[in-house]
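Undergrad: Before we start, here is the structure in question, set down as structure tokens.
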């Protein structure tokens, strides 16, 4: 006898940490900073730049924007031990997943039913992120994994070819909120010389 309720999922230490359960995150109120605001120049603007913890900001956006956002692009920490960034970019993989999961869950709540999300990442966490996004957005809502050129092999990168593989691409995972209600893509072409 088989159990039809079973599903494939990624598990890790800390996955069910109640501190990162989105229902336990206290809602906050966003306050406009008049010194940084452009609303007096464009009172009808719908644009915002939010300074602060993105988890708290996403939760604060829910009351007004839940189910209303058509397109989301995020560029989360790659977890590559990069220098010169304002956050810890070298955490244990399970902690990285624990930090990503509630943010993706909140982003899904913000998406409209015909919305789409794009998440850029490199090869360090790409495979884990794909499985996590399959879990949060549903594997059937996966659109594609785009490959983006992020560099070329010359200069300093070329000097170390004998010691390592050179990173020259990133990935962008694309998911619909609900594949059955997805919009249509319009193909745009650009002339190239040659």
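Undergrad: Which residue, of 146, 173, is modelled with pLDDT of 90 or more and within 23 Å of residue 11 (Cα to Cα)?
TA: Details: 146 fails: within 23 Å of residue 11 (Cα to Cα).
Among 146, 173, only 173 is modelled with pLDDT of 90 or more and within 23 Å of residue 11 (Cα to Cα).
Undergrad: Just to verify a result, which residue in the range 58-73, among those that are part of a helix (DSSP H, G or I) and over 14 Å from the mean Cα position of the chain (by Cα), is farthest from residue 28 (Cα to Cα)?
TA: Of everything passing the filter in the range 58-73, 65 is farthest from residue 28 (Cα to Cα).
Undergrad: Of all the residues that make up the range 20-42, how many are in contact with a helix residue (DSSP H, G or I) (Cβ under 9 Å, 6 or more places away or on another chain) and outside any loop (DSSP other than H, G, I, E, B)? First the steps, then the outcome.
TA: Of all residues in the range 20-42, those in contact with a helix residue (DSSP H, G or I) (Cβ under 9 Å, 6 or more places away or on another chain) come to 20-22, 24-30.
Filter once more, so that each one left must be outside any loop (DSSP other than H, G, I, E, B): 20, 22, 24.
Final tally of qualifying residues: 3.
Undergrad: Moving to a separate point now. Could you tell me whether residue 79 is part of a loop (DSSP other than H, G, I, E, B), modelled with pLDDT under 95 and either more than 30 Å from residue 13 (Cβ to Cβ) or touching a strand residue (DSSP E or B) at 6+ places or on another chain (Cβ under 8 Å) (or both)?
TA: no
Undergrad: Just to be sure, is residue 46 within 23 Å of the chain's Cα centre (by Cα), part of a loop (DSSP other than H, G, I, E, B), over 20 Å from residue 138 (Cα atoms) and modelled with pLDDT under 80? Can you show your working first?
TA: Details: within 23 Å of the chain's Cα centre (by Cα): yes; part of a loop (DSSP other than H, G, I, E, B): yes; over 20 Å from residue 138 (Cα atoms): yes; modelled with pLDDT under 80: yes.
Against the criterion (within 23 Å of the chain's Cα centre (by Cα), part of a loop (DSSP other than H, G, I, E, B), over 20 Å from residue 138 (Cα atoms) and modelled with pLDDT under 80), residue 46 qualifies.
The values are calculated or read from the model by the stated rules, or taken from the named source; none is laboratory data. None of these values were measured; they are calculated from a predicted model. All Cβ positions, glycine included, derive from the backbone under ideal geometry; neighbour counts span all protein chains shown.
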